[in-house]
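Please treat every number below as a calculation from the coordinates, not as lab data. None of the values given here were measured: they were computed from a predicted structure. Cβ: placed from backbone, ideal geometry, glycine included. Neighbour counts: every protein chain shown.
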Amino acid sequence: MGSNSEILDSATLVVENAFVKIFIIQAESILILEWKFQITLAERKSGFLQALEIIKAYELRSWVVSNKNIYYVSPEEKSWIINEWLDLLNQSTLERSAIVCHENYDVLMSTWDLTSEVQQQFQKKGIIQHRVFMNFPNALNWLLSDMSN
């Protein structure tokens, strides 16, 4: 396993549209989803469902979602994530899920309830390990670490 920058250099852009970029690092079995700006529920659904298709097609084991450009998650988005999305994700080949959050305190507090609920749902199901990070290198290091951690 190389350094983070070497691994990221091997990432292949597989989807890019107005609101999201999706990369895969096939050798490490990782999908990277990066929101370009604050998104709507329709955009979240579209990006996540495209990512899910790719995860299944390549049988990827890990993903990292960069929420660095997300400042608010609507109640409708929260409901869809908790009530529909997590079940779909649990039916995939994923073993690890990492979220990179915005470092602003107000943003963290406004999304904390969703972050906590997602964590609880993953723990209940016991299928996917889930962690939240403040920066991408730490998230990637965790995804690349021994799965027993």
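Data table
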| read-out | value |
| --- | --- |
| Hz values of 3J(HN,Hα) by residue in the stretch 107-118 - Karplus curve (6.51, -1.76, 1.60), Gly and Pro given as x | 5, 4, 5, 6, 10, 4, 4, 5, 4, 5, 5, 4 |
| Label-reachable residues, the stretch 92-107, where backbone N falls under 11 Å from a point 7 Å from K56's Cα toward its Cβ | 92-93 |
| Of the GluC sites (Glu not before Pro) in the stretch 71-149, those whose Cβ has at most 11 other Cβ within 10 Å and which sit in DSSP loop | E103 |
| Phi-based couplings in Hz for the stretch 44-60 (Karplus 6.51, -1.76, 1.60; Gly and Pro marked x) | 4, 4, 4, x, 5, 5, 5, 4, 4, 4, 5, 4, 5, 4, 9, 6, 6 |
| Ranking of K124, K45 by count of other Cβ atoms within 10 Å, fewest first | K124, K45 |
| Contact order relative to length of the stretch 4-144, as percent, for alpha carbon pairs under 8 angstrom and 6 or more apart | 22 percent |
| Gain in span if fully extended, Q119 to T12, counting 0.36 nm per residue against the direct Cα distance | 35.7 nm |
